[in-house]
Amino acid sequence: MLKLAIYGKGGIGKSTTTANLAAAFSLLGKKVIQIGCDPKADSTMNLLGGEPVGSVMDYMRKNDALPEDYHEVVKEGFGGVLCIETGGPTPGLGCAGRGIITTFHLLDDLELFEKEKPDVVLYDVLGDVVCGGFAAPIREGYAEQVLIVTSGEKMALYAARNINEAVNNFQDRGYAKVRGIILNHRNVKDENAKVEAFAKENGLNVIGEIPRSDDIIFYEEAGKTVIEGDPELEVSRHYIELAKKLLAEDAQ
């Protein structure tokens with residue numbers, strides 16, 4: 001099972017990247033679970049026609065109880081991808097990270113992974129926070145590898161450095177390791193050179209590049225990934241090739 005946690009600066013395109021990778025994996029015949037680890041609960045919307053799945057935390061608030069079956073908080077999206085959102089507390093009340101921890105323990109208790117037997121599990125994690133509940137995807141065996149999404153922008157690279165350092169600090173605890181960087185292009189000056197220099201400085205590899213594309217925005221407005229919209233597009237092929245690369249390396 002390929003288990004990936006995707007981190008990066010807020011607004012850098014983590015959810016877009018995660019959803020398109022999920023769709024690409026499904027197109028390659030893999031069974032995929034995507035878990036959105038953000039109180040906004042919008043990670044999986046473009047796999048679901050733009051309609052959000054009810055989050056685990058919302059379910060618990062409405063029913064004042066834990067779900068007895070994971071199907072109550074799971075929705076099937078494009079390509080059969082199983083979509084889950086952890087959600088978070090009522091705004092201003094409680095710790096958002098607790099929603100992640102609660103959800104993970106619940107899915108363990110309900111034996112989601114044992115029963116569904118996915119080939120790929122993707123965790124889309126809020127912003128550049130790698131502490132408390134937001135570190136849950138990279139500990140306790142949930143995710144084995146971390147992908148950091150960045151552009152060549154200064155603040156995106158700053159966040160990527162912090163994430164890489166945080167994950168490295170956890171290595172002696174048996175947590176996940178950083179697999180590499182996904183360059184999500186913003187077309188800033190000397191972007192490739194800046195990101196390549198950053199990767200070399202931090203002992204990382206750029207394992208994939210996503211070109212800036214208006215097609216992403218076009219299909220997101222229709223509640224779709226570009227993979228669903230048109231898998232033959234240039235940007236779609238980049239996602240598919242990255243998915244193939246990750247699968248091939250995992251099989252080695």
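What to note about this one:
- Meets criteria (under 24 Å from Lys154 (Cβ atoms) and crowded, with 19+ Cβ neighbours inside 10 Å) for Ile207: no
- The number of residues in the stretch 5-32 that are at negative phi and either assigned to a helix (DSSP H, G or I) or buried (at least 24 other Cβ atoms within 10 Å of the Cβ) (or both) comes to 19.
- Hits in the stretch 176-197 - residues which are touching a strand residue (DSSP E or B) at 6+ places or on another chain (Cβ under 8 Å), touching a residue at least 40 places away in the same chain (Cβ under 8 Å) and not in a loop (DSSP other than H, G, I, E, B): Arg179, Ile182, Asn184, Glu191, Asn192, Val195
- Among the residues of the stretch 223-241, the ones that are in contact with a strand residue (DSSP E or B) (Cβ under 9 Å, 6 or more places away or on another chain) and hydrophobic (A, V, I, L, M, F, W, C) come to 1 in all.
- Ala65 vs. criteria small (Gly, Ala, Ser) and either touching a strand residue (DSSP E or B) at 6+ places or on another chain (Cβ under 6 Å) or crowded, with 22+ Cβ neighbours inside 10 Å (or both): no
- Residue in the stretch 146-175 that is modelled with the highest pLDDT, counting only those that are surrounded by 23 or more Cβ atoms within 10 Å (Cβ to Cβ) and part of a loop (DSSP other than H, G, I, E, B): Ser151
- Among the conditions (1) within 16 Å of Ile6 (Cα to Cα); (2) of a type in the set (Gly, Ala, Ser); (3) free of Cβ contacts under 8 Å to residues at least 60 places away in the same chain, the only one that Ala243 does not satisfy is (3).
- Answer residue from the stretch 212-235, given it is in contact (Cβ under 8 Å) with a residue 40 or more places away in the chain and not in a loop (DSSP other than H, G, I, E, B) and is surrounded by the fewest Cβ atoms within 10 Å (Cβ to Cβ) among those: Glu220
The values are calculated or read from the model by the stated rules, or taken from the named source; none is laboratory data. Keep in mind it's a predicted model, so treat the numbers as computed, not measured. Note that we place each Cβ from the backbone using ideal geometry, even for glycine, and neighbour counts take in every protein chain shown.
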